[in-house]
Amino acid sequence: MSAERRLRVAVVGAGAIGEHRVRLCRAAPGVELAGVVDSQPDRAREVAGRYNAPVWSEADLAREPFDAAVVSVPTQAHAAVAAPLLERGAAVLVEKPIASSLEEADRLIALAARRGALLQIGHTERFNPALAALRQVCRAPRFIEAHRLSSFQERSLDIDVILDLMIHDVDVALQLVPAEVERVDAVGVSALSSRLDIANARLAFSNGAAANLTASRVSVGKVRKLRVFESDRYLSLDYVQQEVLEYSLSRAPGEKRPQIVSRALAVQRAEPLALELEAFFSCTRTGGRPAVDGSQGRRALEVSLEVARRIDEGMRRAGPAP
């Protein structure tokens with residue numbers, strides 16, 4: 001593909017995240033927002049009108065020319081929507097999780113490989129500048145602790161809090177620890193919806209490292225924090241503020257006890273969604289491998305589904321609530 005030609009990009013799904021995708025595609029250099037599609041035509045017109053973009057129907061999506069598509073529909077529809085786009089050979093960015101089941105994920109991965117189409121999964125925290133700064137200095141994590149808390153919202157209720165929120169931290173833990181997950185222990189509660197709204201999981205890795213992950217969508221306020229402990233220091237990250245602090249021990253000459261010293265890592269703040277789309281468009285143009293490909297999306301989904309399974313097992317053993 002010529003680097004000079006503008007990419008024609010379609011956004012499928014005009015919900016809360018989809019609208020952000022529309023906004024960023026509209027502003028991206030070298031990109032033409034070809035069309036906005038939504039199962040609710042009024043919503044598509046509303047969002048498209050706000051950003052002076054064309055409105056497409058599902059029929060238009062099947063016949064109009066475009067180079068790439070961003071799929072921001074509910075998780076249960078990821079595979080059904082993304083498959084025909086990949087079949088056309090278009091580059092596709094699918095929001096996390098890659099799909100609602102491993103079978104659907106395998107179908108998308110195989111289809112992308114067969115058609116030679118780019119498939120990127122929207123694990124947006126991978127593009128958070130704070131995490132990029134942490135990864136530059138992170139050496140050998142022994143323990144990871146993550147908290148991802150949100151207030152209750154009437155969206156993403158087709159999935160539980162694990163696939164809605166915790167999967168972000170599952171994916172990050174899998175990237176930071178170079179080992180396989182050997183054991184998963186988890187507990188969870190359904191509070192305001194019919195699905196799990198609060199969950200805690202402990203991942204034990206084959207190299208002895210562990211990760212303790214907590215996610216809630218019924219909390220007061222918004223928290224997105226990660227702490228990584230190594231043998232001689234720990235790193236504290238705030239995704240929202242895009243800040244990383246390093247705490248380590250320093251022993252001055254003549255001192256019997258070491259002192260705890262801290263420093264702030266340099267972070268080049270930017271909008272993760274914009275960086276993610278920029279990387280997607282770059283790979284579309286060059287044919288490069290995406291930072292989060294289908295296999296990585298599948299791995300995060302596999303571990304997240306195991307968390308859900310462990311919670312379900314525990315609830316069945318406990319029996320009905322009194």
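The values are calculated or read from the model by the stated rules, or taken from the named source; none is laboratory data. No experiment lies behind these values; they were computed from the predicted model shown. All Cβ positions, glycine included, derive from the backbone under ideal geometry; neighbour counts span all protein chains shown.
Residues in the range 178-229 that are within 11 Å of Ala146 (Cα to Cα) and either out of contact with any strand residue (DSSP E or B) (no Cβ under 9 Å at 6 or more places or on another chain) or β-branched (Val, Ile, Thr) (or both): Thr214, Val223, Val228.
Would you say Ser304 is surrounded by 17 or more Cβ atoms within 10 Å (Cβ to Cβ), closer than 30 Å to Gly116 by Cα, touching a residue at least 40 places away in the same chain (Cβ under 8 Å) and of a type in the set (Ser, Thr, Tyr)? So Ser304 passes the test.
In the set (1) out of contact with any Gly (no Cβ under 8 Å at 6 or more places or on another chain); (2) in a helix (DSSP H, G or I), the condition left unmet by Arg139 is number (2).
Kindly establish whether Gln136 is surrounded by fewer than 17 Cβ atoms within 10 Å (Cβ to Cβ) and polar (S, T, N, Q). Yes. You will find that of Val261, Val240, the residue that is in contact with a Ser or Thr (Cβ under 7 Å, 6 or more places away or on another chain) and over 30 Å from Leu7 (Cα atoms) is Val261 and no other.
Taking the range 89-114 only, how many residues are touching a residue at least 12 places away in the same chain (Cβ under 8 Å) and more than 24 Å from Ala308 (Cβ to Cβ)? The qualifying residues number 7. Quickly run through the range 109-150 and pick out the residues that are assigned by TED's automatic domain parsing to the domain that holds Pro84 and farther than 26 Å from Pro178 by Cβ. Within the range 109-150, Ala110, Leu111, Arg114, Arg115, Gly116, Ala117 meet the criteria. Restricting attention to the range 55-70, the residues that are surrounded by 14 or more Cβ atoms within 10 Å (Cβ to Cβ) and out of contact with any Leu (no Cβ under 7 Å at 6 or more places or on another chain) total 7. In this structure, Gly188 does satisfy being touching a residue at least 60 places away in the same chain (Cβ under 8 Å) and not polar (S, T, N, Q). Inside the range 258-296, residues that are farther than 24 Å from Val137 by Cβ, part of a loop (DSSP other than H, G, I, E, B) and either free of Cβ contacts under 8 Å to residues at least 40 places away in the same chain or over 23 Å from the mean Cα position of the chain (by Cα) (or both) make up a count of 2.
Taken over the range 220-257, residues that are surrounded by fewer than 18 Cβ atoms within 10 Å (Cβ to Cβ) and assigned to a loop (DSSP other than H, G, I, E, B) amount to 15.
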